């Protein structure tokens, strides 16, 4: 179900998630979040919804997603991006950054061009999550921490390539030990591209040097990076010892819940970013699927290469939020911020991830008892509506 454009909504009596905490009350919005003082002017096209037992959250922002429901960023097709954008709505994701795999630059050129075209032409939203840009996860990675990336495609940073696509590239994952990496970081920072440390064997000192030059994030913390030891703190130690933003995959497969709890204690909760790292297999059940030219087998929500290497996930954002709370890693408010406010702040977008006046009308309604998604609005359009929610109109 998708509402007509121009409609306004009044969510009455919900538990509203603001950056600073929860507050029970009303929320008025259309294309953007409004003030209750604006309601009289919207009476002719206003829909009120009883939200007494509902959590009203900002729309989720997934800054690291490869694919979903059969679509993948690396397909290099508008149709695949459309599939991904539609499939994310019932999971509460209203904005996303598509992540690449490591391919030759000529292939990535086409992928980035298609993504840029899709982003230019995606309005109006019409029941789809909004593509914000691309996370260039490869190919500037370490072959010793390649993960599910093909080692033969991994290369030293190419500044000209990235700068030529700065209109669509939002994040670049980088192994700081690669030749030219540190000067590359300074250059990207100067043009507003976020640098995330990942797929790396760098030591603590090298990671801290990268941070000093402008690297501000860590890609799927713990996974595919030098671990923390008491004499060699590694990349993980640098993450714990800095104020960087840290992606974490809360699926219980990539990181043990105890390690998740440790990270959330070491890192301020306002720097934790929930990601899915999902692949095209999400939503399709068990089976074999392509990921970056490799075959991935999914069994019982675990995605692996034939040698047992983890290869992305089939996690949804709302499941990650539930896990964060159930494991005692984050409070519900902290987890919701980690899925909305924090990633928005990391990429420097103050129009999403918060329910404040003037921000986009991206809103998720969540059942307080089950933490299940009941309604999703994108830019003020009701893009997903459960049967349970329909009874509230």
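The values are calculated or read from the model by the stated rules, or taken from the named source; none is laboratory data. Keep in mind that what you see is a predicted model, and the values were worked out from it rather than measured. Glycine gets a Cβ as well: all are built from the backbone with ideal geometry, and neighbour counts include every protein chain shown.
Take region 124-140 and flag every residue that is within 20 Å of the chain's Cα centre (by Cα) and more than 19 Å from residue 278 (Cα to Cα). Scanning region 124-140 gives 125, 127. One residue alone among 349, 367 is surrounded by fewer than 24 Cβ atoms within 10 Å (Cβ to Cβ), within 15 Å of the chain's Cα centre (by Cα) and either more than 25 Å from residue 253 (Cβ to Cβ) or in the same structural domain as residue 50 (by TED's automatic domain parsing) (or both), and that residue is 349. Only residues that are assigned to a loop (DSSP other than H, G, I, E, B) and more than 19 Å from the chain's Cα centre (by Cα) were counted across region 276-291, and they come to 3.
Yes or no, residue by residue, for (1) part of a helix (DSSP H, G or I); (2) at negative phi:
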site: 56; (1), (2): no, yes
site: 87; (1), (2): yes, yes
site: 96; (1), (2): no, yes
site: 103; (1), (2): no, yes
site: 107; (1), (2): yes, yes
site: 126; (1), (2): no, no
site: 131; (1), (2): no, yes
site: 138; (1), (2): no, yes
site: 141; (1), (2): no, yes
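From the list 123, 141, 154, the one residue that fits, being in the same structural domain as residue 290 (by TED's automatic domain parsing) and free of Cβ contacts under 8 Å to residues at least 12 places away in the same chain, is 123. For residue 384, the requirement of being part of a loop (DSSP other than H, G, I, E, B) and touching a strand residue (DSSP E or B) at 6+ places or on another chain (Cβ under 8 Å) is not met. Taking region 279-293 as the range and being touching a helix residue (DSSP H, G or I) at 6+ places or on another chain (Cβ under 9 Å) and at negative phi as the test, the residues that pass are 280, 282, 290, 291. Of 267, 197, all but one fail to be in the same structural domain as residue 333 (by TED's automatic domain parsing), crowded, with 17+ Cβ neighbours inside 10 Å and under 21 Å from residue 349 (Cα atoms); the exception is 197.
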